[in-house]
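Only one structure is covered here, and it is reproduced in the block below.
Values quoted throughout were computed directly from the atomic coordinates according to the rules given, and no laboratory measurement underlies them. This structure is a prediction, so every number in the text was calculated from the model and none was measured. As a convention, Cβ positions derive from the backbone with ideal geometry for all residues, glycine included, and neighbour counts pool all protein chains shown.
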Amino acid sequence: MTDVRAPGRGRTVRWALLAALTPMAASGCLLAPSHPVPPYFGARADGDTIVVKIPVCPTDEIRRVEVYDVDDDEHDAPRVVWWASGPTSPSVRAGVVTLWTGAGFARHSPRPAGSSVPPHIGVSYQDPAGDGRDDVFTVRTLGKAKLGAGEYWTRDGARTEAQIDGQLGCGAQRKSATTPAG
């Protein structure tokens, strides 16, 4: 049987395909997502209290923290379970927030009843410009996490405050907010 394709046609199609894909590959569209993975927060359960480590640089400023119901699809915006604003302590300024207590904040909402804390919570913060970050945690997972002293559960496993802040590449990192200077 004789090949009836036009001579060089296969080569032409391959070059056309390569020419079309090269700009996309150079832009990273074929090899990696166009948006980088956001930095993760860390959290740990201490009894019925949750302590969250928000990744911050020494120059970052937290204005407000909110905890919201990730699974709330009944409202336009997810239901806020708890909030606090106006940091007053060095540990909160370093991104260590004890949920439900309001410790280290000038203003905060009342502690939610245990039954009103959803199984999946989102924790977000805002800086003075209204920008910020957020992350999501499963409360049950936090309660079961086996963590060492100074560790927080993240989507990448157990991490320290320095590792959580280190994602941001801030240069000189501040000392741990919960470790005494010495």
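Cβ crowding within 10 Å ranks F105, F137 as F105, F137, fewest other Cβ atoms first. A Cβ-based charge dipole, computed about the Cα centre of segment 50-182 with Lys and Arg at +1 and Asp and Glu at -1, lands at about 660 debye. Which shape class applies to segment 30-99: rounded if a/c is under 1.5, otherwise prolate when a/b exceeds b/c and oblate if not, where a ≥ b ≥ c are the square roots of the Cα gyration tensor eigenvalues? Cα axes put segment 30-99 in the oblate bin. Between S116 and L168, how many nm apart are label points set 7 Å from Cα along the C-beta direction? Placing both labels 7 Å along Cα→Cβ, they lie 3.1 nm apart. If you sort the three axes of the alpha carbon gyration tensor as a ≥ b ≥ c, you get a/c under 1.5 for segment 42-166, which makes it rounded. Taking a point 7 angstrom from the Cα of A149 along the C-beta vector, which residues in segment 46-86 have backbone N less than 20 Å away? The answer is 46-47, 51-53, whose backbone nitrogens lie closer than 20 Å to the label point.
Cβ neighbours within 10 Å, averaged per peptide: list 47-53, 125-131 in order, most packed at the top. All intermediate terms of the calculation are to be shown ahead of the outcome.
On the way: 47-53: 17.3, 125-131: 13.3.
Going from most to least packed, we get 47-53, 125-131.
Dipole magnitude of segment 38-105 about its Cα centre, charges +1 at Lys/Arg Cβ and -1 at Asp/Glu Cβ only, in debye to the nearest 20? Before the final figure, lay out each step's value.
Numbers: 6 positive and 11 negative charges, 109 e Å.
Taking the Cα centre of segment 38-105 as origin, the dipole is about 520 debye.
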